Amino acid sequence: MQCFIYKSLKKEHLYLYVDKKDDFSKVPEALFDSFGKIEFVMDLELTPERKLAKENVEKVMNSLKTKGFFVQLPPLNMPAPLKVQ
C-alpha cells in the first residue's frame, strides 16, 4: 500500500499520511486546518512486515484503508524545546 507523508510546519513531530498524493479531501477540514502549513516529506510503500519508527504499520494501513488518512501525533513525553533568549 502506497502512502504519502506530510509534516506540519506549525507543530513539530505532527505528520499526516494520505492514500493519494496531495489529496486531502478525506481529511476533515478542522483537522487539516489545525496542521497549518504542511510540507511533503516522502512517499512510502507500507506492508505488514515493514517497521515504522513511531507507529504500528497495521494501524496506519487500516486507517488509510478505512479513512484515507492517518495522523501521527507528537510523543506525549517529549520535553519542551529550549527557548533561546
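The values are calculated or read from the model by the stated rules, or taken from the named source; none is laboratory data. Since we're looking at a predicted model, the values are computed, not measured. Using ideal geometry, Cβ is built from the backbone for each residue, glycine included, and neighbour counts are taken over all protein chains shown. Protein only, heavy atoms only, side chains kept; ligands, DNA and RNA dropped before computing areas. Shrake-Rupley method; radii C 1.70, N 1.55, O 1.52, S 1.80 Å.
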- [ ] Consider the candidate values (i) -0.33, -1.19, -1.34; (ii) -0.37, -1.18, -1.34; (iii) -0.61, -1.12, -1.17; state which one is log10 I(q)/I(0) by the Debye sum over Cα atoms at q = 0.12, 0.23, 0.25 Å⁻¹ computed from the structure displayed.
- [x] (ii)
- [ ] Please sort 59-71, 40-52 by packing, taking for each peptide the average over its residues of neighbouring beta carbons within 10 angstrom, highest first.
- [x] 59-71, 40-52
TODO: Determine the per residue accessible area of the chain with all protein chains present and a 1.4 angstrom probe, expressed in square angstrom.
DONE: 73 Å²
Task: Tilt relative to the chain, helix 57-66 - C-alpha long axis, 0 to 90 degrees, to 10 - done: 70 degrees
Task: Spatially near lysine pairs across the chain, Cα under 15 Å, sequence gap of 8 or more or different chains - done: 13
Open item on the list: Given contacts defined as C-alpha pairs under 8 Å and at least six residues apart, what's the relative contact order of the chain, whole-number percent?
Closed with: 38 percent
TODO: Please find the FRET efficiency linking Glu45 to Leu9, where r is the Cβ-Cβ separation and R0 is fixed at 35 Å, and quote it to the nearest 0.05.
DONE: 0.85
- [ ] As a check on your grasp of the helix formula, calculate [θ] at 222 nm for the chain: sum -39500 (n - 2.57) over DSSP H runs of n ≥ 4, divide by the residue count, round to the nearest 500.
- [x] -5000 deg cm²/dmol
TODO: Any chance you could run the full-extension gain for Lys21 through Thr66? It's 0.36 nm times the residue separation minus the Cα-Cα distance, nm to one decimal.
DONE: 14.5 nm
Open item on the list: Given points 7 Å out from each Cα along the Cα-Cβ axis, report the Ala53 to Leu31 separation in nanometres with one decimal.
Closed with: 2.3 nm
TODO: Leaving ligands, DNA and RNA out of it, report the carbon-plus-sulfur percent of the accessible area of the chain at a 1.4 Å probe.
DONE: 55 percent
